[in-house]
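The values are calculated or read from the model by the stated rules, or taken from the named source; none is laboratory data. Since the structure is predicted, the reported quantities are computational estimates derived from the model, not experimental observations. In this analysis, Cβ positions are derived from the backbone assuming ideal geometry, glycine residues included, and neighbour counts consider all displayed protein chains.
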Amino acid sequence: MVAKVFDQFQTLLLDLDGVIYEGESAIVDSVESITAVRNSGIKVGYITNNSSRKPETIANQLRGFGLELSVEEVISSAQAGVELLSTMIPAGSKVFVVGGEGLRSKVIEAGFAIVASSDDNPAAVIQGFAPDVAWNDLAEASYSIQRGAKWVATNQDWTIPREKGLAPGNGTLVSAVHTAVGQLPVVAGKPERAIFETAMREFKTESAIYVGDRLDTDVLGANKSGLGSALVMTGVTTRKELLAAKSDSRPKYVLGTLNDLLSPYREPVKTKRGYKLGDSEVELLGEKVVVSFGDPKSLDALKAACLTIWSSGTPIHLLDVESALYE
């Protein structure tokens, strides 16, 4: 019998933007699907690289969409970052914070003393994103690091989704400090292991699957951390990007929407020249990747095409992929 995606895991972990909501609206099928999984007895948690907001704020937002959850079920990069910080400097040390309320509150909860300037000789700098981060914040962080302060970044996301489009993320701001100090920070958020290890401890679980919408943070991070990885096609990753995914960023499962969690997951079957799933068959004919049967726009065709390309041993830029698969 074909099993559901989450049947072999104790815990379902989810990204937020592009998976559960987009802007101020819940994504189709997300709330109903998560509720159904939770009602089946599977633990559900939420992992986000967003360090600017408190877990309480995020939990309230999710409740506003109709989800039931506790604050403890939200794991942020701020929490993971402060846990890392605690292994690097003595308890009660001075810390310079670049970031928002969510990050500052976690630093205070951990018993560290927040300082306002490099003149206070902080033992560490922890850097996260906030819309009001200014040049002076980056400069003071740089001065502190040059004087020997340890440096932790909550994440290195180059972009963040906004209503008007993609905007510079924390990775861009971290890069500015890196240019000044000539060194790299220890990173807590996706795709690094720290945030996933924090989640596994918090949920007291031995197995989990992480569902996200980005290859370079969500899928890569889950793969690096030994979790099951699933990509849902409701966010930023395009079909073309998925077909071209690097070996370390390929998801085990590809979902159209979160509703696919509730149905038995069907894997493509190997054929003589490619893979077949349902009514769709994709073949590698010489250097051409073609859909020989079925609708090339279907999820079945996409999944079959992924395995055909990934198992070919040939870089995708050297293949002639039927454009209907990704346009």
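Summary of values
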read-out: Residue tally, condition in contact with a Leu (Cβ under 9 Å, 6 or more places away or on another chain) and among the small types (G, A, S), over the range 162-205; value: 5
read-out: Filter result for the condition that a residue is assigned by TED's automatic domain parsing to the domain that holds G148, in a helix (DSSP H, G or I), of a type in the set (A, V, I, L, M) and at pLDDT 95 or above, over L103, L62; value: L103
read-out: Qualifying residue in the range 103-126 (condition: touching a His at 6+ places or on another chain (Cβ under 9 Å) and surrounded by fewer than 24 Cβ atoms within 10 Å (Cβ to Cβ)); value: no
read-out: Search result, residues across the range 249-266 that are part of a helix (DSSP H, G or I), surrounded by fewer than 22 Cβ atoms within 10 Å (Cβ to Cβ) and of a type in the set (S, T, N, Q); value: N259
read-out: Those strands (runs of 3 or more DSSP E) lying entirely in the range 161-248 with at least 2 residues of a type outside the set (D, E, K, R), surrounded by 16 or more Cβ atoms within 10 Å (Cβ to Cβ) and in contact with a helix residue (DSSP H, G or I) (Cβ under 6 Å, 6 or more places away or on another chain); value: 208-212, 228-232
read-out: Top-ranked residue in the range 39-50 [being in contact (Cβ under 8 Å) with a residue 40 or more places away in the chain, surrounded by 18 or more Cβ atoms within 10 Å (Cβ to Cβ) and part of a strand (DSSP E or B); ranked as nearest to the chain's Cα centre (by Cα)]; value: I47
read-out: Residue identified as farther than 30 Å from D120 by Cα, more than 18 Å from the chain's Cα centre (by Cα) and assigned to a loop (DSSP other than H, G, I, E, B) among V19, V28; value: V28
read-out: Residues satisfying the stated conditions in the range 199-225, i.e. of a type in the set (D, E) and at positive phi; value: none
read-out: Only one of S298, S292 that is closer than 16 Å to L242 by Cα, out of contact with any helix residue (DSSP H, G or I) (no Cβ under 7 Å at 6 or more places or on another chain) and modelled with pLDDT of 95 or more; value: S298
read-out: W158 closer than 30 Å to V236 by Cα and either surrounded by fewer than 19 Cβ atoms within 10 Å (Cβ to Cβ) or of a type in the set (V, I, T) (or both); value: yes
read-out: Of all residues making up the range 248-266, the number that are closer than 19 Å to S280 by Cβ and among the hydrophobic types (A, V, I, L, M, F, W, C); value: 2
read-out: Among the candidates L299, L243, L307, residue that is in contact with a strand residue (DSSP E or B) (Cβ under 6 Å, 6 or more places away or on another chain) and hydrophobic (A, V, I, L, M, F, W, C); value: L307
read-out: Filter result (at pLDDT below 95, small (G, A, S) and in contact with a helix residue (DSSP H, G or I) (Cβ under 7 Å, 6 or more places away or on another chain)) within the range 1-51; value: S51
read-out: Sole exception among (1) touching a residue at least 24 places away in the same chain (Cβ under 8 Å); (2) crowded, with 16+ Cβ neighbours inside 10 Å for A36, by number; value: (2)
read-out: Among (1) at pLDDT 95 or above; (2) more than 24 Å from L14 (Cβ to Cβ), the one test that D132 misses; value: (1)
read-out: Scope the range 1-16; condition closer than 20 Å to R38 by Cβ and in a loop (DSSP other than H, G, I, E, B); matching residues; value: A3, F9, Q10, D15, L16
read-out: Number of positions in the range 135-160 that are of a type outside the set (F, W, Y) and in contact with a Pro (Cβ under 7 Å, 6 or more places away or on another chain); value: 5
read-out: One residue from V37, V19, V44 being assigned by TED's automatic domain parsing to the domain that holds I209 and touching a Lys or Arg at 6+ places or on another chain (Cβ under 7 Å); value: V44
